[in-house]
Amino acid sequence: MEKIRIAIDGPSGAGKSTVAKDLAKILNIDYIDTGAMYRAVGYKMLQQNIGLDEADRLSKMLETTEIDFAKGNIILDGEVINDKIRTQEIAKMASDCSALASVRAKLVDLQRNMGQLKSVVMDGRDIGTNVLPDAEYKFYITATAEERAHRRWLELISKGDLISQEKVLEDMIQRDINDSTRLLNPLKKAEDAIEIDSTKKNAEETTAIVLSYIK
Ligand code: DC
């Protein structure tokens with residue numbers, strides 16, 4: 001089978017990861033969740049109490065950081081951290097640390113290596129514009145901020161988090177601003193990406209639309 005790389009970008013809560021996971025299963029290729037990689041770095045920074053302005057400590061930490069995916073798990077330095085990185089605190093730290101050049105350089109390098117060896121579906125913010133600019137397929141999935149916040153809120157309360165929907169919306173709008181206004185590879189639709197608005201669609205409908213473009 002010829003190698004295909006599918007890039008899926010868009011703001012948080014637009015449904016990228018659900019669609020990307022479904023596609024990976026249907027096409028029997030690997031799924032790389034690049035947001036989880038930024039969350040892993042944010043998690044490690046919090047664990048080691050490294051501030052965003054501590055460039056030297058951060059560089060040293062990044063040199064010895066290993067991030068990998070295996071059997072649907074994200075592994076940081078040998079530890080499965082799937083659930084530990086799905087909190088609002090880590091989401092904020094991921095967004096903050098993703099603006100730092102040293103963090104982006106390390107993770108983009110890892111992501112490009114992952115996309116070089118095999119067929120992948122990769123989701124994030126800068127996949128079509130920067131990580132895999134020559135990907136065979138590029139999609140940009142959006143939804144209104146209210147719909148995205150509602151979805152994220154349902155996810156959080158199902159895990160026992162008692163956060164209000166208003167707070168989730170507020171955090172999401174702030175993160176949208178951070179992610180799309182940072183200097184380095186901000187969230188942006190690639191010119192050649194197909195845009196899909198998932199506001200009034202469920203995950204299966206969105207996946208079906210994406211699949212209809214893939215030959
Ligand atoms: O998709 P997510 O919410 O798990 O991503 C967490 C943060 O990581 C997000 O706020 C922005 C950052 N990110 C990025 O800068 N570039 C990517 N390719 C993926 C995520």
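The values are calculated or read from the model by the stated rules, or taken from the named source; none is laboratory data. As the structure is a prediction and not an experimental result, all values here were calculated from the model. Virtual Cβ from ideal backbone geometry, glycine too; neighbours counted across all protein chains shown.
The residue pairs whose first member lies in segment 56-85 and is of a type in the set (S, T, N, Q), whose second member is assigned to a loop (DSSP other than H, G, I, E, B), and whose beta carbons are closer than 7 Å, counting only pairs six or more residues apart or on different chains, are T65/D77; N73/N82. Of all residues in segment 47-67, those being loosely packed, with under 14 Cβ neighbours inside 10 Å and closer than 29 Å to V19 by Cβ number 1.
The set of residues in segment 3-44 that are within 9 Å of the ligand (Cβ to nearest atom), under 22 Å from T199 (Cβ atoms) and of a type in the set (S, T, Y) comprises S12, S17.
Applying a threshold of 6 Å to beta carbon distances and a minimum spacing of six or more residues, or different chains, the list of pairs starting in segment 24-49 at a residue that is small (G, A, S) and ending at one that is part of a helix (DSSP H, G or I) and modelled with pLDDT of 95 or more reads G42/I90; G42/M93; G42/A94; G42/C97.
Check every one of the strands (runs of 3 or more DSSP E) wholly within segment 70-167 and list those with 1 or more residues that are farther than 21 Å from Y31 by Cα, modelled with pLDDT of 95 or more and within 14 Å of the ligand (Cβ to nearest atom).
Values: elements: 73-76, 120-124, 137-142.
Filter on segment 70-167 gives an empty set.
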